[in-house]
1. Can you say what percent of the DSSP beta bridges in the protein assembly as shown, counting only those with both residues inside, are antiparallel? Round to 5.
2. Report, as a whole number in µm² per second, the diffusion coefficient that Stokes-Einstein gives for chain A at 37 °C and 0.692 mPa s using the Kirkwood radius over alpha carbon pairs.
3. Which residues does the label zone of B:ASP36 cover in the stretch A:165-189, counting backbone N under 16 Å from a point 7 Å along Cα→Cβ?
4. To the nearest 10 degrees, how steep is helix A:40-50 against the longest Cα principal axis of chain A, on a 0 to 90 scale?
5. What is the percent carbon and sulfur in the accessible area of the stretch A:1-134, measuring with a 1.4 Å probe over the protein chains and ignoring ligands?
6. Counting protein heavy atoms only and a 1.4 angstrom probe, how many square angstrom of accessible surface do chains A and B bury in total, to the nearest 100?
7. In the stretch B:4-76, what percent of the accessible surface is made up of carbon and sulfur (1.4 Å probe, ligands and nucleic acids excluded)?
8. Whose amide H sits under 5 Å from the amide H of A:VAL33, counting only residues 5 or more places off or on another chain, with H placed in the peptide plane?
Amino acid sequence: MFDLTGKSALVTGASGGIGAAIARALHAQGASVALSGTKVEALEALALELGERAFVTPANLSNTAATEALIKTAESAMGQVDILVNNAGLTRDGLAMRMKDEDWQLVLDVNLTAGFRLSRAVLRGMMKRRWGRIIGITSIVGVTGNPGQANYAASKAGMIGMSKALAAEVASRNITVNCVAPGFIATAMTDVLPDEQKQKLTGAVPAGRLGDPRDIAAGVVYLASEQAGYVTGQTLHINGGMAMI
Amino acid sequence: MSDIAERVKKIVIEHLGAEEAKVTENASFIDDLGADSLDTVELVMAFEEEFGCEIPDDAAEKILTVKDAIDFIKANAAA
């Protein structure tokens, strides 16, 4: 099940906790992986750990030209991109009343617009080959909202809507477009929180624990697989029951 | 020059699975040959590949018939 031998995947934000877990999981199923991100050292360390079939393709997705160039770089490294995982994202939290235009724009640019540009660029090859998987890593807050994250929630909700539209456009070509929506996941970002706050987070999760990046990666592997070929335009919520939608 | 017309028609027949007799110069991809909008995008991609030229989006939007494609390629293609 879920064998990805011979497939090539591009994972953005692969230097982060969730992105790295996604890259490891796809690679473990036999896929070649292009690791994109801004932290080159972390990407190189991950490529070294994975060994064969791993390529480092750094890119700053707040830059339009770099975003456009990334697909070409990944295609020349692996021959083609069969699976695109739009995982790169950042936060610039703040109450809406005090949110600066730059903070709104940057979050939308990286989390949503870059994902659109990358999707548009990979679709050409996927259409020709009549096979493709585009997977967006969105967030539970894109569905529920969260105070202090008007920009982030908008970008993640936008990704869900965009994925549905793309899914409808290309379904006839055997290309699926889906999202995975993590809840609270233990990463470097949550490690630094005080224990009290961690307990509070965990209290909101029926499963009684924070998610592990591998919980998210497993969902991505499924959606990338041949077996998920009839699943498109969907959002898979992986959140320990925190929100049941 | 008729060579370009033949190659264009061949691509249209292959991609749309259209009957050869229906692929006349004045045939519209969508109205006469049963293409949908995604098919027209794919046709343009196939023309680009066959003739080694780039067809910008604003030009691609105006390629609605077999003749439109032949004319554009005659005017722009290297091959």
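The values are calculated or read from the model by the stated rules, or taken from the named source; none is laboratory data. The structure displayed is predicted, hence computed values, not measured ones. A quick note on method: Cβ atoms are made from the backbone with ideal geometry, for glycine too, and the neighbour counts reach across all protein chains shown. Side chains are part of the model used for accessible areas, which takes the heavy atoms of the whole protein and leaves out ligands, DNA and RNA. Shrake-Rupley method; radii C 1.70, N 1.55, O 1.52, S 1.80 Å.
1. 5
2. 183
3. A:165-177
4. 60
5. Accessible surface attributable to carbon and sulfur in the stretch A:1-134 totals 52 percent.
6. So the buried area, both faces added, is about 700 Å².
7. Reported share for carbon and sulfur atoms: 46 percent.
8. The answer is A:ALA9, A:ALA54, A:PHE55.
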